[in-house]
C-alpha cells in the first residue's frame, strides 16, 4: 500500500485499520482546468456520504518494501481476498491519531476552508485532495463569480503561506500564472480583515473526521 503517514505505529501488528472498498469509493473530481494540468488519481481525505461504511481489519504483520508498506490483515487469507482489497482507501480511527507536531495540521480539518492570496483576495474553497505523483494536489473550487471551476493547486511548502483549521482559512502563494490558467480573470472578493494571519506551517498529513480517519 502507498502510505501518507509518518507514524509507523499506526500500522503496527494489533492495530485496527478501516478500509473503504474500491466499489464504494467516490470518484475524484474531474480534470477541469487547462490541458496539461495534473491528472487526478483518486480523492483522499474525508469519506463522503454514500461512500460505504469502512470495514475494520486487524493488522497481523507490517513491513516496508521499496518505499511501500506490505500488510497482512486478519481474515485476508489468500491472493483472491487480497486482490479484492486492491485500490481500497485505508483509514484509522481519529481517536488513535497522535497530536500533530507544532506547525502541522491534519488535512481533514482544513477541508472546506476558504483559500486566500496574501492580499486577502479570495481564491475559492479547499474541496478535495488528489494523490498525484510526487506531491499532494489540492482541489480548490473557485467562486461562482469566477465560473466555479476546479483549480488544481500543488500543495508544497513554498506555496503555502498560512493555515488555520480552527478559523477555516488558508493563505497561499501559487506559482506565477497558475490561477490565470483556470480563471477568466483575477479572483474576486477581498476577504474581511483578520486579526493576525494564521501561522506559517506545512501540512503533509491527511485524516478523515468521520468515524474513521486516514493520516
Single condition residue 149 does not satisfy, out of (1) surrounded by 22 or more Cβ atoms within 10 Å (Cβ to Cβ); (2) more than 29 Å from residue 99 (Cα to Cα); (3) in contact with a helix residue (DSSP H, G or I) (Cβ under 7 Å, 6 or more places away or on another chain): (1)
Scanning region 93-142 residue by residue, those more than 30 Å from residue 56 (Cα to Cα) and not in a strand (DSSP E or B) turn out to be 102, 103, 117, 118, 119, 120, 142
Among the residues of region 107-125, what is the count of those that are touching a helix residue (DSSP H, G or I) at 6+ places or on another chain (Cβ under 9 Å) and at pLDDT below 90? 1
Residue 145, sole failed condition from (1) more than 14 Å from the chain's Cα centre (by Cα); (2) outside any strand (DSSP E or B); (3) under 29 Å from residue 14 (Cβ atoms): (3)
Quick check on region 57-80. Is at least one of its residues part of a helix (DSSP H, G or I) and over 12 Å from residue 19 (Cβ atoms)? yes
Return the residue satisfying two criteria in turn: it lies in region 123-142 and is over 14 Å from the mean Cα position of the chain (by Cα) and in contact (Cβ under 8 Å) with a residue 40 or more places away in the chain, and of such residues it is surrounded by the most Cβ atoms within 10 Å (Cβ to Cβ). 123
In this structure, is residue 40 modelled with pLDDT under 50, touching a strand residue (DSSP E or B) at 6+ places or on another chain (Cβ under 7 Å), in a loop (DSSP other than H, G, I, E, B) and closer than 18 Å to residue 138 by Cβ? yes
For residue 180: the one exception among (1) modelled with pLDDT of 85 or more; (2) in a helix (DSSP H, G or I); (3) closer than 27 Å to residue 15 by Cα: (3)
Count of region 148-177 residues which are without any contact (Cβ under 8 Å) to a residue 60 or more places away in the chain and assigned to a strand (DSSP E or B): 9
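The values are calculated or read from the model by the stated rules, or taken from the named source; none is laboratory data. Since we're looking at a predicted model, the values are computed, not measured. Note: ideal-geometry Cβ built from the backbone for every residue, glycine included; neighbour counts use all protein chains shown.
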